[in-house]
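The values are calculated or read from the model by the stated rules, or taken from the named source; none is laboratory data. Just so you know, these numbers come straight off a predicted model, no measurement behind them. Every residue, glycine as well, gets a Cβ built from its backbone with ideal geometry; the counts of neighbours run over all protein chains shown. Side chains included, ligands, DNA and RNA excluded: accessible areas come from the protein's heavy atoms. Shrake-Rupley method; radii C 1.70, N 1.55, O 1.52, S 1.80 Å.
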Amino acid sequence: MKMGLYDIKVLDREANEVELKKYEGKVLLIVNTATSCGFTPQYKELQELYDELKDQGFEILDFPCNQFANQAKGTDEEIHTFCTAKYNTTFDRFKKIEVNGENESELFKFLKEEQPYEAPKGFKNKRVMGMVSKLSHTKNTDDIHWNFTKFLVDKNGNVVKRFEPVIKVEDIKEEVKKLLA
């Protein structure tokens, strides 16, 4: 039998094991993040989305990752302190992980298998996408290409959509609301 999202365990920022089954019945946005990235201001948008929809069964799971140009430096506690002080984040943050390669997390391996890479439709800034692709050093097309790649998961644990970092959080809101309805 194939493993599902709720079979996966991750570590919170204090290295305590967390079963993703804890989030069963919720709509999830799972994000790999970094604190020194051009996309880091998305934390503000993510928090606004979380504030608006958390009471309807929405959760954001934040997984810091230092694989892209060393943009998530610091300890897990330093990252958490930065995010809460600068962006007032209150959604769940986990231990720093790797999203690609030999040491990639089981979670991100699963997410990529469920929602392979698809170039963002309608995104016009080829320079940004070219830079991201060049800097990401990914060996596999379906790998995470940069910080702030987002995966949307329905209430049953199905990974329904992948959003590349260039997709604004505001553009994801309607997709989240549909799954909450």
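A few remarks follow.
- Test for Val27: is it closer than 23 Å to Phe82 by Cα and touching a Phe, Trp or Tyr at 6+ places or on another chain (Cβ under 9 Å): no
- When residues in the range 12-58 are screened for being part of a strand (DSSP E or B), surrounded by 15 or more Cβ atoms within 10 Å (Cβ to Cβ) and more than 15 Å from the chain's Cα centre (by Cα), 1 of them pass.
- Index of the failed condition, Ile8 passing every other in (1) open to solvent by less than 30 Å² (accessible area, probe 1.4 Å); (2) touching a Lys or Arg at 6+ places or on another chain (Cβ under 7 Å); (3) modelled with pLDDT of 95 or more: (2)
- Any hit, the range 20-33, residues being modelled with pLDDT of 95 or more and farther than 20 Å from Arg162 by Cα: yes
- Top-ranked residue in the range 90-110 [being within 22 Å of Leu46 (Cα to Cα) and basic (Lys, Arg); ranked as least open to solvent (accessible area, probe 1.4 Å)]: Arg93
- Residues satisfying the stated conditions in the range 88-107, i.e. farther than 24 Å from Asp51 by Cα and of a type in the set (S, T, N, Q): Asn100, Asn103, Ser105
- If you go through the range 59-70 and pick out every residue that is open to solvent by less than 20 Å² (accessible area, probe 1.4 Å) and in contact (Cβ under 8 Å) with a residue 60 or more places away in the chain, you end up with 2.
- Hits in the range 71-89 - residues which are out of contact with any helix residue (DSSP H, G or I) (no Cβ under 7 Å at 6 or more places or on another chain), assigned to a loop (DSSP other than H, G, I, E, B) and surrounded by fewer than 19 Cβ atoms within 10 Å (Cβ to Cβ): Lys73, Gly74, Thr75
- When Leu135 is tested against the conditions (1) of a type in the set (A, V, I, L, M); (2) modelled with pLDDT of 90 or more; (3) surrounded by fewer than 18 Cβ atoms within 10 Å (Cβ to Cβ), the lone failure is (2).
- A residue that is modelled with pLDDT under 95, open to solvent by 60 Å² or more (accessible area, probe 1.4 Å) and either assigned to a loop (DSSP other than H, G, I, E, B) or aliphatic (A, V, I, L, M) (or both) can be found somewhere in the range 161-178.
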